[in-house]
Amino acid sequence: MKTVTINQQKLPALGIGTWEMGNSAAAEKEEIKAIQAGLDAGLRVIDTAEMYGNGRSEILVGQAIKPYQRSDLFLISKVLPQNASAAKMQQSVENSLKRLQTDYLDLYLYHWRGMVPLEETVETLQSLQEKGYFRAWGVSNFDIADMEELWQLPSGKNVAANEDLYNLETRGIEYSLLPWQRKHHLPLIAYSPLGRGPKMGSTMTQDPAVMAVAQNHGATPFQILLAWVMQQPDVLAIPKSSSSKHLLSNLKALEIDLTPDDLAILAKAYPKPTKKEPLAIY
């Protein structure tokens, strides 16, 4: 099984994303069942945020994890930019903990940059970590210039991970950000690893190259797309799966090893960037 180490914890390289989950009472039982199916199958990471459904995603996760030992889980949540100040962040994390029905988070991320000075946000994160609200802190939607700025701050090198959009058709971070993170031993959490979906114009699952590689492995296009993201070292993929059937299907991607020929086929259809691109955000 592919693994990623974050804050000295060795984790499956596949996590459970919860964006847009918790918004429908009709879907609640199946969404809880999906999260629990993943945990029962050996997954550990659940990624959520105070922004997701104005806290409803965190409430759903809190209900789903009740039967499990807290030490077996790796919970990630995020603070909104407007709450990332010395005056507001503690209340935000306390609210997240209440919704999740837990005493601590394993990783707390600054969701994206806002108006609060970065140094203030980082020092507040560091202070709240030392108070025991979370085991580690990180950032999200940071590009290389943001990371370089962060690295110069007194506590900046304590960052444990960066979460960015990354998938086969959105490879911009490979030009400079991913190499920088690898050089500094900073894991990447890849959100939307299956793309932005048909509604947003993504056609990867119907692409002949993806389908050909999937056929070679006796896999689905979704499994190949996940395996492609996870073949990069130190990358944790967090697809959203609101049905247990889809989530359990995703697990096969952990066991798929793409060959150099596979990677060449996929790269021909979706080439690596040859210049710096704006950071993709969804």
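Every number here is computed from the coordinates shown, using simple stated rules; none is lab data. Predicted model, so just to flag it, every value in this text is computed and none were measured. Cβ placement follows ideal geometry from the backbone for every residue including glycine, while neighbour counts extend to all protein chains displayed.
Below is a table of values for the structure above.
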quantity: Paired Rg and Dmax values of the chain, which use every Cα atom, in angstrom; calculated: 18.2, 55
quantity: Extension reserve of the LEU80-LEU248 stretch, reckoned as 0.36 nm per residue once the Cα distance is removed; calculated: 57.4 nm
quantity: Shape metrics for the stretch 88-166, restricted to C-alpha atoms - Rg then Dmax, Å; calculated: 12.3, 36
quantity: Pair GLU20, LEU263: separation of 7 Å Cα→Cβ label points (nm); calculated: 3.1 nm
quantity: Kirkwood Rh and Cα Rg combined as Rg over Rh, evaluated for the stretch 137-225; calculated: 1.09
quantity: Base-10 log of normalised Debye intensity for the stretch 1-86 (one unit scatterer per alpha-carbon) at q = 0.12, 0.21, 0.24, 0.25 Å⁻¹; calculated: -0.37, -1.01, -1.20, -1.25
quantity: Residues listed by number, the stretch 225-251, amide nitrogen under 14 Å from HIS185 label point at 7 Å toward C-beta; calculated: 234
